[in-house]
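Peer 1: First the structure, which I've put down as structure tokens, then a few questions once you've had a look.
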Amino acid sequence: MQHLSEPARRLFVKCGQRGGRSRARQLAPSRRSAIARQAARARWQKQAPQDVPIASVRLTTADWGDPVYLAEILSEGSLSDWRALYHRAANHPFGTTSQALAKVLRDGEMIYGVTPLWRGILRGIQGNSL
């Protein structure tokens, strides 16, 4: 739409918004919810990094299966680091990352607010208690 004039562009946007609202009114609430859930899932999958997000201070090579590295993520990582950890644990609830995370949460040093939060997250992912 690069070649359209500004008034024409505004008209198309306005018509598109009106059409979207009309379609939403015609859909059943369960269908609207399913569409929103699918869109949210697609957004989260785009944001899930596949590589190691932060360099380890104590390790020469950072590894998602290493409890020491996961303890660093929990104590010093950013929200995007936590998001990456969540995706790895959610995609493989009983994989090496989830097992290492459970070990850190069970045996590691208590991090105020973080340890109970991640225990609840892992419990929800695995469907059991730590």
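The values are calculated or read from the model by the stated rules, or taken from the named source; none is laboratory data. Everything numeric in this text was worked out from a predicted model, so none of it was measured. As a convention, Cβ positions derive from the backbone with ideal geometry for all residues, glycine included, and neighbour counts pool all protein chains shown.
Peer 1: For segment 85-107, enumerate the residues that are outside any helix (DSSP H, G or I) and either within 12 Å of LEU70 (Cβ to Cβ) or aromatic (Phe, Trp, Tyr) (or both).
Peer 2: PHE94
Peer 1: Something else now. Out of ARG31, ARG88, I need the residue that is farther than 24 Å from GLY127 by Cα and basic (Lys, Arg). Which one?
Peer 2: After ruling out the rest, the residue left standing is ARG31.
Peer 1: Select from segment 108-128 the residues that are assigned to a helix (DSSP H, G or I) and free of Cβ contacts under 8 Å to residues at least 24 places away in the same chain and list them in ascending order.
Peer 2: Passing the criteria: PRO116, LEU117, ARG119, GLY120, ARG123, GLY124.
Peer 1: Can you tell me which condition ALA102 does not meet? The list is (1) modelled with pLDDT under 90; (2) in contact with a helix residue (DSSP H, G or I) (Cβ under 7 Å, 6 or more places away or on another chain); (3) of a type in the set (Gly, Ala, Ser), and all the others hold.
Peer 2: (1)
Peer 1: Answer yes or no as to whether TRP82 is in a helix (DSSP H, G or I), modelled with pLDDT under 85 and closer than 21 Å to GLY120 by Cα.
Peer 2: no
Peer 1: Quick test for you: out of PRO67, PRO49, pick the one residue that is of a type outside the set (A, V, I, L, M, F, W, C), modelled with pLDDT under 85 and surrounded by 10 or more Cβ atoms within 10 Å (Cβ to Cβ).
Peer 2: After applying the criteria, what remains is PRO49.
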